[in-house]
Amino acid sequence: MNATALIAGVDEAGRGPLAGPVTAAAVILPHNLSICGLADSKKLSERKRDALAEVIKQQAVAWCVAEADVDEIDNINILQASLLAMQRAVAGLTQVPDEVLVDGNHCPKFAIPARAIIGGDGLEPAISAASILAKVTRDAEMRRLDTVYPGYGLAKHKGYGTAAHLAALSEHGVTVIHRRSFAPVRAALAAR
């Protein structure tokens, strides 16, 4: 790839939670741009992620965030739903990249060259940027869903299977935003 090629970094957030969508982002950064503090979103504080997300949105050549919803996750499985969200994020870019770099060991099918990079969110700045946008967007959606489905603690644990979330499932039951294909949610349904 030449030095002026447009490289899109792609990552997802929310594969493991019991509730909510899986979110993916695609980001193309300018060649000469170095954003201080870019890293795997899981290694950054919420405050740092939020601040970096604003810088990324302002300075990226192009960016897009997309998702696959709970029904899609339950119908095609979480891996395929994650890949679908990634495809949607790349398709939503306002610039067509020359290459796509995807965090992890699975690469969706794209009409352009693409490769998966294990640990890419800590190695490639564009993937780090995508990791941050995906997580910030998904966390904001989980805070919003917390107001729609109070009592589950979604704003706090973001839908992950914490003890508090499992207790809330047992007490309040399963909502439409819960992933029925996930074992703890199936168990909660069976217990009703």
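Every number in this text was worked out from the coordinates using simple rules, so none of it is lab data. As the structure is a computational prediction, the values presented were derived from the model and not from experiment. Note that each Cβ is placed from the backbone with ideal geometry, even for glycine, and that neighbours are counted across all protein chains shown.
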Check: Got a sec? Charge dipole of the stretch 7-149, +1 on Cβ for Lys and Arg, -1 for Asp and Glu; which of 36, 122, 13 is way out at the positive end?
Finding: 36
Check: About the Cα centre of the chain, what is the dipole size in debye to 20, counting +1 per Lys and Arg Cβ and -1 per Asp and Glu Cβ, all else neutral?
Finding: 420
Next item on the list: Could you let me know the centre-to-centre spacing of the stretch 74-102 and the stretch 1-72, using Cα atoms, in angstrom?
Entry: 12
Item checked: the chain - mean residue ellipticity at 222 nm from DSSP helices (-39,500 (n - 2.57) per run, n ≥ 4, rounded to 500) -> -13000 deg cm²/dmol
Next item on the list: Could you rank the peptides 23-29, 143-149, 157-163, 103-109 by their average count of other C-beta atoms within 10 Å per residue, with the highest value first?
Entry: 23-29, 157-163, 103-109, 143-149
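How long is the gain from residue 36 to residue 62 if the chain were fully straight, where each residue apart is worth 0.36 nm and the alpha carbon distance is subtracted? All intermediate terms of the calculation are to be shown ahead of the outcome.
Numbers: separation 26, 0.36 × 26 = 9.36 nm, distance 1.85 nm.
Fully extending the segment from residue 36 to residue 62 adds 7.5 nm.
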Checklist line | Full-stretch length increase - residue 172, residue 45 - with 0.36 nm per residue and alpha-carbon distance subtracted | finding: 42.7 nm
Margin query: More than 28 angstrom separation, counting every C-alpha pair in the chain; what % is that?
Written below: 26
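Can you sort 174, 136 so the residue with the fewest Cβ neighbours within 10 Å comes first? All intermediate terms of the calculation are to be shown ahead of the outcome.
Details: 174 19, 136 25.
So the ranking, lowest neighbour count to highest, is 174, 136.
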Margin query: Within the chain, count lysine pairs with alpha carbon atoms under 20 angstrom apart where the residues are 8 or more positions apart or belong to different chains.
Written below: 15
Checklist line | Residue among 85, 62, 140 with the largest mean-square fluctuation in a Gaussian network model of the chain, springs linking Cα atoms under 10 Å | finding: 140
Check: Going 7 Å from the Cα of residue 15 in the Cα-to-Cβ direction, what parts of the stretch 75-112 have a backbone nitrogen less than 14 Å from that spot?
Finding: 77-87, 102-108
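Using 1/(1 + (r/R0)^6) with R0 = 22 angstrom and r between the beta carbons of residue 4 and residue 116, what's the FRET efficiency to the nearest 0.05?
Working: r = 23 Å, r/R0 = 1.07.
That pair, residue 4 with residue 116, gives E of 0.40.
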